[in-house]
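Below is one structure, written out as structure tokens; the observations come after it.
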Amino acid sequence: MITDIEIMQNKLFLERSEEFLKEFHLKKDDYKQCVFKDLEELLGEKNAKYIVISPLYSSFVTQSYEYRLGVYGKDLYLSNLDKSIYRELPLMKRYITEDFATIDKYMLNHMEIEKVTDFQKKDIKYQYSLRYLMTGRQIWRESIECFVEYINKKNGAALNDFNIVYGLYMERGEHFFSGNIV
């Protein structure tokens with residue numbers, strides 16, 4: 001059974017995620033410069049074979065909304081390389097924070113507050129914020145496609161036998177790019 005708060009959140013997220021993407025795309029050139037710099041730095045690491053982009057669930061609890069960009073050798077997580085960069089997606093924190101204010105207002109006006117504990121309120125917000133992960137995944141995918149095109153123009157051989165993966169840290173991920181596929 002879908003509750004009133006879930007209906008409200010579904011509607012809110014649908015509207016806000018569209019706004020988020022529109023605003024992000026207006027500023028994506030600035031973001032790409034920053035991300036490309038990070039990715040090139042990781043690509044330049046000796047023995048690098050993988051870059052893994054991981055959303056950090058813990059940062060969604062702490063409300064910093066970060067992603068970890070890590071570089072690894074041929075044995076991926078078993079490699080000795082341990083360089084990483086932490087990056088926020090621009091605008092994400094602002095959108096989620098504004099959405100939380102809307103959710104708070106809704107709960108105050110439409111729910112019996114004494115029935116909703118502080119823990120439940122925090123969990124409602126945490127679960128809501130995780131919806132932005134799919135939007136973030138889409139942004140990272142687009143950024144990686146642009147990065148691959150950029151690097152291929154600059155130095156096509158740099159991505160030979162190289163992989164860029166998106167997924168949870170130390171878990172199976174989705175290959176956004178694989179240089180060893182013919």
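The values are calculated or read from the model by the stated rules, or taken from the named source; none is laboratory data. Bear in mind that the values here come from a model prediction, so they are computed numbers and not experimental data. Cβ sites come from the backbone with ideal geometry, for glycine too, and all protein chains shown count toward neighbours. SASA here: full protein model, heavy atoms, side chains in, ligands and nucleic acids out. Shrake-Rupley method; radii C 1.70, N 1.55, O 1.52, S 1.80 Å.
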Just to be sure, is residue 104 among the acidic types (Asp, Glu), over 21 Å from residue 21 (Cβ atoms) and at pLDDT below 90?
no
How many residues of segment 138-166 are in a helix (DSSP H, G or I), in contact (Cβ under 8 Å) with a residue 24 or more places away in the chain and open to solvent by 60 Å² or more (accessible area, probe 1.4 Å)? The answer is 4
Segment 59-89 - residue that is outside any loop (DSSP other than H, G, I, E, B), touching an Asp or Glu at 6+ places or on another chain (Cβ under 9 Å) and open to solvent by 20 Å² or more (accessible area, probe 1.4 Å) and, of those, modelled with the lowest pLDDT
88
Within segment 1-55, which residues are of a type in the set (D, E, K, R), within 21 Å of residue 164 (Cβ to Cβ) and not in a helix (DSSP H, G or I)?
45, 46, 49
Segment 1-22 residues that are touching a residue at least 40 places away in the same chain (Cβ under 8 Å) and surrounded by 10 or more Cβ atoms within 10 Å (Cβ to Cβ), paired with ones that are basic (Lys, Arg) and not in a helix (DSSP H, G or I) (beta carbon under 6 Å, 6 or more apart)
13/131
Testing residue 117 on (1) hydroxyl-bearing (Ser, Thr, Tyr); (2) farther than 25 Å from residue 47 by Cβ; (3) in contact with a helix residue (DSSP H, G or I) (Cβ under 7 Å, 6 or more places away or on another chain), one condition comes back false. Which one is that?
(3)
Selection count, segment 23-55, where residues are open to solvent by 80 Å² or more (accessible area, probe 1.4 Å) and more than 22 Å from residue 139 (Cα to Cα):
2
Select from segment 120-132 the residues that are buried (at least 16 other Cβ atoms within 10 Å of the Cβ) and under 19 Å from residue 20 (Cβ atoms) and list them in ascending order.
125, 128, 129, 131, 132
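Considering every residue within segment 103-119, establish whether at least one is of a type in the set (Lys, Arg) and buried (at least 16 other Cβ atoms within 10 Å of the Cβ).
no
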